[in-house]
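Colleague: One structure is given below, represented as structure tokens, and several questions about it will come after.
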Amino acid sequence: MSRTALITGITGQDGAYLAKLLLEKGYSVHGVVRRSSHSEVHDHRLRWIGVENDVQLHEGNLTDLSGLIRTVRDVKPDEVYNLAAQSFVKSSWQQPILTGQVTAIGVTNVLEAVRLEAPEARFYQASSSEMFGLIQEAQQSEKTPFYPRSPYAVAKLYGHWITVNYRESFGMHASSGILFNHESPLRGLEFVTRKVTDAAARIKLGLAPYVELGNLEAKRDWGHARDYVKAMWLMLQQSTPDDYVVATGKMFTVRELCRLAFSAVDLNYEDYVRVAEAHMRPAEVDVLLGDPKKASEQLGWTPETTFEQMIEEMVQADLARHKRNL
């Protein structure tokens, strides 16, 4: 029989790729979307990958428990993927209370709705490598202590531990994926990878003179969202729930990201990238490098797209977008 999945944050990068993956596997896919005055564009990522007519959307908000209960009651999901969050780290310093309400307490609301209305459903929580923050080990695994360095990371840490608590308190099949940075052509323009690939495309086409960035020496473990949503699905196929680091085990600087993106359009990044204090974090996370050994051994998961391939794909997608508008 066909399974039913409910995805919060379905109109985001990960939600769109996950929806596509689940549809390919024969699922009935439902998504929770916030009401917006820009409703005509809220599903643009679903449209970009061609699944907007294949998913059923339900208006809702992570801060509204009663609405989540009604949605879970109506959908009767077999699997619930909680991907929704206020997910831009920089904004979390400007909106710390909102970030806590959505990214932290919102997880409890979804868990409560599932516990009350679909206790047999399997639950996935989108945890984040930002929880490691000021790293306590050179390579971060499921056993590495957390040291969050932003309101976003603190909120994610609450969401992570409340998921563990519901698993241990109520016997729920609840798993967390501690995902390291993952990108794609669907990434929002506010995130550094997409900001860089979009800038390279616009500068190549004469639409912008330069781009301003923050710390070029920050190092990250970057993978492709299309690969990472497969790990999410695999976690919910296990007989026992658990937490997994999802990462490539390789690290690049923002400077290397710039070099690759601008090289893809035959430009030298040094001529167009400017460092601006306004883009520096109040508390920087200098290095994040994941250890995906557990995910590899227990889930059979390995990333399929290299960092170089991903940046090339993103630049070409941004070039195509801007050329259509010329």
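Colleague: Which of the lysines could a cross-linker span from Lys219 if the Cα-Cα distance has to be under 19 Å and same-chain partners fewer than 8 positions apart are dropped?
Modeller: Lys219 reaches Lys90, Lys195, Lys250.
Colleague: What per residue convex hull volume, in Å³, comes out for the stretch 63-113 when only alpha-carbon positions are used?
Modeller: 64 Å³
Colleague: As I understand it, the value is the acute angle between the Cα axis of helix 307-324 and the longest principal axis of the Cα atoms of the chain; what does it come to in degrees, rounded to 10?
Modeller: Helix 307-324 sits roughly 80 degrees off the main axis of the chain.
Colleague: How large, in Å, is the stretch 82-201 by the Kirkwood hydrodynamic radius built from its alpha-carbon pairs?
Modeller: Computed over the stretch 82-201, the radius equals 15.3 Å.
Colleague: Shifting gears a bit: Got a sec? Charge dipole of the stretch 95-214, +1 on Cβ for Lys and Arg, -1 for Asp and Glu; which of Leu189, Tyr147, Ser129 is way out at the positive end?
Modeller: Leu189
Colleague: I need the Debye-formula profile for the stretch 268-319: one equal scatterer per C-alpha, no solvent, reported as log10 I(q)/I(0) at q = 0.18, 0.25 1/Å, two decimals.
Modeller: -0.98, -1.03
Colleague: Where does the Debye-calculated log10 I(q)/I(0) of the chain sit at q = 0.09 Å⁻¹, using only Cα point scatterers of equal weight, no solvent?
Modeller: Reported log10 I(q)/I(0), two decimals: -0.45.
Colleague: For the stretch 216-326, what ratio Rg/Rh do Cα atoms give with a Kirkwood hydrodynamic radius?
Modeller: Radius of gyration over Kirkwood radius for the stretch 216-326 works out to 1.05.
Colleague: Over the residues of the stretch 1-82, compute the C-alpha Rg and express it relative to 2.2 N^0.38 Å.
Modeller: 1.02
Colleague: Just to confirm the number: angle between the C-alpha axis of helix 65-75 and the first principal axis of the chain, 0 to 90 degrees, nearest 10?
Modeller: 80 degrees
All of the numbers you see were taken from the coordinates with simple rules; none came from a lab. None of these values were measured; they are calculated from a predicted model. Cβ atoms come from the backbone with ideal geometry, glycine included; neighbour counts cover every protein chain shown.
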